[in-house]
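Input: a single structure, listed below in structure tokens.
What follows draws every value from the coordinates through simple rules; no lab data is involved. Predicted model only: the values in this text are computed from it and were never measured. Here the Cβ is made from the backbone with ideal geometry for all residues, glycine too, and neighbour counts use every protein chain on show.
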Amino acid sequence: VVWLTGLSGAGKTTIAYDLVRRLNLRGHVTEHLDGDEIRQMLFPELGFTRKDRETNIARIAWVASRIARAGACVVVSVLSPYASARAHARTTVEALCVIPFLEVYVCTPLDVCIARDPKGLYAQALSGHLPEFTGISAPYEQPQNPDLRLDTTDQSVSDSTSQIISELDLRGLIISRTAAALMRRE
Ligand code: ADP
């Protein structure tokens with residue numbers, strides 16, 4: 001399970017799409033769980049209080065662990081601002097048949113995220129129209145010991161994804177490039 005955490009607009013979803021594409025090319029069955037999508041589809045009743053965010057993360061981790069146990073790579077892109085909730089997510093995943101959990105902190109700084117504002121949410125939050133917005137009116141607890149840090153300020157999406165792939169390669173968690181090429185030829 002690759003768990004992408006970071007502020008809104010940091011680049012989690014964009015990187016997740018590219019990562020899924022590249023893991024598929026490597027011959028892996030891969031699933032993407034996106035925080036916004038899951039909230040909308042499965043848990044629309046949850047709000048943005050600390051308790052609701054923790055519930056959201058716990059449920060996503062549970063789903064991710066089950067999909068991973070079935071043999072797929074799971075890429076999760078979800079803000080997950082609370083350290084304890086992320087730690088709980090790791091425990092949920094790792095406890096289940098020793099599935100590896102890679103915490104990737106997309107650490108793009110707040111001012112860059114505000115300048116990007118891909119969904120116009122920072123504008124709303126800064127003008128006081130969006131309460132409990134992470135980074136503005138709700139906290140983001142930075143990961144102290146992530147498995148990987150990615151600052152996308154001056155980095156291409158492809159370079160960000162390559163860093164994750166390299167880390168997975170280094171840990172022997174994905175099919176090698178050579179084996180994937182051989183499989184494609186068969
Ligand atoms: P998040 O899922 O973290 O809220 P998004 O992926 O939805 O963020 O939005 C990130 C925005 O930043 C997109 O508009 C994307 O095109 C842009 N961007 C620029 N450079 C990068 C990069 N290296 N990695 C990811 N996104 C980037």
### Task
Any residue in region 1-22 that's within 14 Å of residue 134 (Cβ to Cβ): show its pairings with residues that are more than 6 Å from the ligand (Cβ to nearest atom) and of a type in the set (Asp, Glu) at Cβ separation under 7 Å, as long as the two are six or more apart or on different chains.
5/103; 9/117
### Task
Would you mind stating whether residue 166 is over 24 Å from residue 30 (Cβ atoms), surrounded by fewer than 16 Cβ atoms within 10 Å (Cβ to Cβ) and among the hydroxyl-bearing types (Ser, Thr, Tyr)?
no
### Query
For region 16-59, how many residues meet the condition of being aliphatic (A, V, I, L, M) and in contact with a strand residue (DSSP E or B) (Cβ under 6 Å, 6 or more places away or on another chain)?
5
### Message
So in region 15-44, with the set limited to residues that are in a helix (DSSP H, G or I) and of a type in the set (A, V, I, L, M), which one is nearest to the ligand (Cβ to nearest atom)?
### Response
15
